[in-house]
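Bear in mind these aren't lab numbers, they're just calculated from the coordinates by the rules spelled out. These numbers come from a predicted model, not from an experiment. A quick note on method: Cβ atoms are made from the backbone with ideal geometry, for glycine too, and the neighbour counts reach across all protein chains shown.
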Amino acid sequence: MEATYDTRILDDRAAWGAVLSMALCVSVLIASEFMPVSLLTPIAVDLGTTEGRTGQAISISGAFAVLTSLFVAGLTRRIDRKLVLTGFTVLLIVSGLAVTFAPNFALLMVGRALLGVAIGGFWSMSTSIVMRLVSEDRVPKGLAMLNAGNAIAATIAAPLGSFLGAHVGWRGAFFLVVPLGLLALVWQWISLPPLPPRGRKASGNVLALLGRRAVALGMASVLFLFMGQFALFTYLRPFLEGVTGLGISALSAMLLVMGLAGVAGTWCIGRLLRTRLFSVLVVIPLVMSILAVALIALGSMPIPVSLLLLAWGFFGTAAPVGWGTWLSRTLPDDAEAGGGLQVATIQLAITGGAAIGGMLFDTIGWWGAFAFGATLLCGSSLLGLAAWRTTLRFLP
């Protein structure tokens, strides 16, 4: 395999500084994406619309993230990757300003669409840029840093939005994105070296990568993994309140502990990826499937449920690190297009899992959504095993 590490660009300390600057931006992006969850009511009242309509501010960012991730590699193939990455950070800042000062619902949606472009573009480029900043054996650690930022942001976004909304209003909560985005932009500009496009030709059409059997199986496993995960996770709050009987304080503490377990999981499992990549990819969804079945069986018992969700957070948050590492090894010369395809797959999986899980939740009951998630997670494990066998020849 050809080396992807630009050895003459950065020393080790500077390389990790660049990765940390990206992790900060990831945290701000994800926090921005999920902050409206706890602010729907004040936004709707202020802009004179309904909460249901305001909820589309989340779905539109996901839709634009999918579109951007599919086309960004081809549209930016001739541009320095440093400029591309910092450009998406600028879009994050513009989005924060647009939402903060939106006089109406239409401009709010424009700001959220810009955020979706920033999310899809930044995530699509992240794996390939980490591959160029650090040596191959340290790519899992770099990806773990990015995913730790993701886990922290996903954990604190909703409670932080609620807290800030109560004290400085929903506009003040969204304005917090701006100085944090500016900090990330300056840090990236200082720490990232010039990253000119590679001389070799890469795929402009990301969907063409599905013609490779290893990629198709891997993406199918990713699709099932995230569909199964979010078919359950999306409806965790009504399950914990209605079945387990947790109050608001206990619920908030449980979600926080899950997030912290996820941060720990990214670091612990990240260390195993150097030598046990496919074992991790096969075992994680299988363990999560078992946990989902156990939640169905023990749902009314608070202590077992708490332990099961602690394990769910530990394994579930670490899964993207594993698949990012798989991408870096399977498509070392086409990581940008592969990253775009992976981000699009994940976004579609989250949307589909939440939608189908919600339908089952309403028609069958909470256990229907959980059983659906368990089935998909088991399927992800089997597809991961098939991808392992197909991809084995690409591994060093």
Exposure proxy ranking, count of Cβ atoms within 10 Å, fewest first, for Ile129, Ile296: Ile296, Ile129
Shape category assigned to the chain from the gyration tensor of Cα positions, a/c cut at 1.5: oblate
Sum of -39500 (n - 2.57) over DSSP H runs of 4+, divided by residues of the chain (222 nm, nearest 500): -27500 deg cm²/dmol
Test item: Cα-centred dipole of segment 206-394, Lys/Arg +1 and Asp/Glu -1 on Cβ, debye: 600
Exposure proxy order (Cβ contacts within 10 Å, fewest to most) of Cys25, Cys378: Cys378, Cys25
For the chain, size of Cβ-based charge dipole, Lys and Arg +1, Asp and Glu -1, in debye: 940
Ratio Rg/Rh [Cα only; Rh per Kirkwood] for segment 238-358: 1.03
Three principal axis lengths of segment 12-191 [C-alpha, angstrom, descending]: 51, 32, 23
Ordering of 210-219, 139-148 by packing [mean C-beta count within 10 Å, highest first]: 139-148, 210-219
FRET efficiency for Phe163 and Ala297, using Cβ-Cβ distance with R0 set to 45 Å, rounded to 0.05: 0.80
Extension gain from Leu307 to Thr275, taking 0.36 nm per residue of separation minus the Cα-Cα distance: 8.7 nm
Exposure proxy order (Cβ contacts within 10 Å, fewest to most) of Asp137, Asp334: Asp137, Asp334
Mean separation of Cα contacts under 8 Å, 6 or more apart, over the residue count of segment 206-394: relative contact order %: 45
Contact order relative to length of the chain, as percent, for alpha carbon pairs under 8 angstrom and 6 or more apart: 27
